[in-house]
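Down below is the structure, laid out as structure tokens.
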Amino acid sequence: MTSQLIDGFGRVHRDLRISVTDRCNFRCTYCMPQEGMQWQRREDLLSFEEIERVARILVERFGVNTIRLTGGEPTVRAKLSMLVVKLAALDVDLAMTTNGVMLPLLADELRAAGLTRINISLDSLRPDRFEQLTRRNELPRVLEGIDAALSAGFSPVKLNVVVMKGVNDDEIVDFARFGRERGVVVRFIEFMPLDAEEIWSNDRVMTQSDILDCLWGEFDLVRVERTSAPATRWRHADGLGEIGIVSSVSESFCDSCDRVRITADGQFRNCLFATTETDVRALLRNGASDNDVAEALQRSVSSKWAGHSINQVHFIRPNRSMSEIGG
Ligand code: SAM
Ligand code: SF4
């Protein structure tokens, strides 16, 4: 019988994010350093069989019903579609977050393997700025990747746009228009203190209210009721499209958080901003039973804090960057 992955505040966790690699073919300024990342050794990454086992325990014992693949860049992990087949067999809502650059090659294969939803990260529609932000000259291929995802039948396709003050905040309206034209849901994300080079500061954050201020004058937006999903959602009153805002910094949604994460090297995290982890890889490789693993996961979730404390003096940055945690 299924029990629940529940914490001390009564929050039930049903959404699992799996980072399949810490490597990436981009070097976004707000996420990774240009050079000097220490990559995990191949043998330290969870194998597909190990990932499947942890996912199965979480699905069968605790009713986890949503799995999102992330990274690093998930599409740089070889034979990713084989993992997708294994996870799709667990009968969960299976999604992926990607920088989109490999989708012209992989979108059809991943869709056929059982992936259903996709988020593509894109922070500028201007080639020069895109190159500054990602340190790669790949905007055309990412745009192609969006088209490939749509024509492969992913639904919905969402665009993740990290908005940074003085960097790309002048493109908010352009992105909202782009979303309406292409039939993709644009989700604006507040810049979080999880960048590898520690360039984050509060005054670089475009808050939800700053973002809405940019949109009100241009669009007639109607609020959509909130679910457990982190984004506040707004639909265009004429029915043509929707936008979301992920306000992790200015208005945290910790009260309704239902996520847990596993890193590429098999560390279970009960919060994006957690400063401690549970070493699931060691359990898997030292003969632990499914019961042992399940108990360790439940213990970790039981000890989850009420919420992160960004903006407070006692906030401690996790010692992993977003690219190692997976977003
Ligand atoms: N490589 C994939 C991608 O870029 O979509 C997946 C991994 S990436 C770490 C997951 C998400 O985290 C992306 O949407 C990315 O834009 C977002 N992200 C990375 N660093 C961030 C930061 N400092 N603040 C907010 N979001 C961030
Ligand atoms: Fe790579 Fe994604 Fe981080 Fe950009 S945001 S460096 S694409 S992991």
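The values are calculated or read from the model by the stated rules, or taken from the named source; none is laboratory data. Remember, it's a predicted structure, so these values are computed and weren't measured experimentally. In this analysis, Cβ positions are derived from the backbone assuming ideal geometry, glycine residues included, and neighbour counts consider all displayed protein chains. Side chains are part of the model used for accessible areas, which takes the heavy atoms of the whole protein and leaves out ligands, DNA and RNA. Shrake-Rupley method; radii C 1.70, N 1.55, O 1.52, S 1.80 Å.
Treating each Cα of the stretch 87-212 as an identical point scatterer and ignoring solvent, apply the Debye formula and state log10 I(q)/I(0) at q = 0.11, 0.15 Å⁻¹.
-0.40, -0.73
Which of the peptides 158-167, 82-91 is most tightly packed, and how do the rest follow, going by the mean number of other Cβ atoms within 10 Å of each residue? Mind showing how you got there, number by number?
On the way: 158-167: 20.6, 82-91: 16.8.
In decreasing order of mean packing, 158-167, 82-91 become 158-167, 82-91.
Which of the cysteines in the chain are isolated, no other cysteine C-beta under 4.7 Å?
Lone cysteines by the Cβ rule: CYS24, CYS214, CYS254, CYS257, CYS271.
Can you compute the modelled spin-label distance between HIS236 and ASP91, with each label point 7 Å from Cα toward Cβ, in nm?
The answer from the label model is 3.8 nm.
From the backbone phi of the stretch 251-264, what are the Karplus-calculated ³J(HN,Hα) couplings (6.51 cos²θ - 1.76 cosθ + 1.60, θ = phi - 60°) in whole Hz, Gly and Pro given as x?
Karplus-based 3J(HN,Hα) across the stretch 251-264 equals 8, 5, 10, 4, 4, 10, 5, 10, 10, 10, 9, 10, 7, 4 Hz.
When the convex hull of the Cα atoms of the stretch 156-206 is projected onto a plane and the area is averaged over all directions, what value comes out in nm²? Numbers along the way, then the final one.
Details: hull surface 15.3 nm².
The number I arrive at for the stretch 156-206 is 3.8 nm².
Using a 1.4 angstrom probe and counting only protein chains, how large is the accessible area of ASP213 in Å², to 10?
Its accessible surface works out to 100 Å², give or take rounding.
Roll a 1.4 Å probe over the protein heavy atoms and report the accessible area of THR75 in Å², nearest 10.
Its accessible surface works out to 10 Å², give or take rounding.
Set the Förster distance to 30 Å, then compute FRET efficiency between SER256 and ASP170 from the Cβ-Cβ distance, nearest 0.05.
0.40
Give me the log10 of I(q) over I(0) for the chain at q = 0.07, 0.15 Å⁻¹, as the Debye formula computes it from C-alpha points; what are the numbers?
-0.26, -1.35
Which number do you get for Rg(Cα) / (2.2 N^0.38 Å) in the stretch 25-94? All intermediate terms of the calculation are to be shown ahead of the outcome.
Values: Rg = 14.3 Å, N = 70, 2.2 N^0.38 = 11.1 Å.
Computed over Cα atoms of the stretch 25-94, the ratio equals 1.29.
Of all the Cα-Cα pairs you can form in the stretch 125-197, what percent are over 16 Å apart?
I get 55 percent for the Cα pairs in the stretch 125-197 exceeding 16 Å.
For the chain, what is the percent of antiparallel DSSP beta bridges, rounded to the nearest 5?
Taking every DSSP beta bridge with both residues in the chain, the antiparallel ones total about 35 percent.
Can you tell me the length gained on complete extension of the stretch SER3 to ARG135, counting 0.36 nm per residue apart and subtracting the Cα distance? Please report the intermediate quantities before stating the final value.
On the way: separation 132, 0.36 × 132 = 47.52 nm, distance 4.53 nm.
Answer, rounded to one decimal: 43.0 nm.
Tell me the chymotrypsin sites (Phe, Trp or Tyr not before Pro) within the stretch 230-315 that lie in a loop according to DSSP and have at most 14 other beta-carbon atoms within 10 Å.
PHE315
Restrict the search to the stretch 245-327; then list the GluC sites (Glu not before Pro) that DSSP places in a loop and that have at most 15 other Cβ atoms within 10 Å of their Cβ.
Sparse-neighbourhood loop GluC sites (Glu not before Pro): GLU251.
Cα gyration tensor of the stretch 233-327, axes a ≥ b ≥ c as square roots of the eigenvalues: rounded (a/c below 1.5), prolate (a/b > b/c) or oblate? Let's see the in-between values first.
On the way: a/c = 2.42, a/b = 1.76, b/c = 1.38.
Taking the square roots of the gyration eigenvalues as a ≥ b ≥ c, the stretch 233-327 is prolate.
Beyond 15 Å, what share of the Cα-Cα pairs of the stretch 220-289 remains, rounded to the nearest whole percent?
66 percent
For the stretch 149-254, report the % of Cα-Cα distances exceeding 24 Å.
23 percent
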